[in-house]
Amino acid sequence: CSICPDQGVILSYYKKLLGDRLLVFPINTDLEAAEASIEMLKKRYNVTSYPTIIVEEGKYEGVVSKSDLMPVVCGSFKTPVEECSAIQSEIEETQ
């Protein structure tokens, strides 16, 4: 998809800040014919458009901005993560 790289940049930002605490699994749907697991994941999460982000059981379609993704990513941690406070401060400074 033409806008998927935009979402990739935002996810890479979070991955860089959170390191091993955040797992990101990009899936190349161009390989769907060769990889049955892609079709299975699409059906499981009812993915009908791209980009789509799945966090826990939540599905987020379209490009999710850095500020909109912050509560999704940081809210998925069982205990508070210090880097999330820094992300929140950075987002507030740019608004």
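Can you tell me which residues in the stretch 1-12 are open to solvent by 50 Å² or more (accessible area, probe 1.4 Å) and assigned to a helix (DSSP H, G or I)?
Across the stretch 1-12, the qualifying residues are PRO5, ASP6, VAL9, SER12.
In the stretch 38-64, which residues are open to solvent by less than 70 Å² (accessible area, probe 1.4 Å), within 10 Å of the chain's Cα centre (by Cα) and of a type in the set (Ser, Thr, Tyr)?
THR52
Going by the structure shown, is PHE25 aromatic (Phe, Trp, Tyr) and farther than 21 Å from SER2 by Cα?
no
Cβ contacts < 6 Å: first residue farther than 16 Å from LEU22 by Cα, restricted to the stretch 51-63; second residue open to solvent by 70 Å² or more (accessible area, probe 1.4 Å) and part of a strand (DSSP E or B), any location; separation 6+ or different chain. Result?
So the pair list comes out as THR52/GLU61.
Taking ASN28, is it open to solvent by 70 Å² or more (accessible area, probe 1.4 Å), at pLDDT 95 or above and either within 22 Å of VAL72 (Cβ to Cβ) or not charged (D, E, K, R) (or both)?
no
The values are calculated or read from the model by the stated rules, or taken from the named source; none is laboratory data. A quick note: this is a predicted structure, and the numbers were derived from the prediction, not measured. Methodologically, a virtual Cβ is constructed for each residue, glycine included, from the backbone with ideal geometry; neighbour enumeration extends over all protein chains shown. Surface accessibility is based on the protein's heavy atoms, side chains included, excluding ligands, DNA and RNA. Shrake-Rupley method; radii C 1.70, N 1.55, O 1.52, S 1.80 Å.
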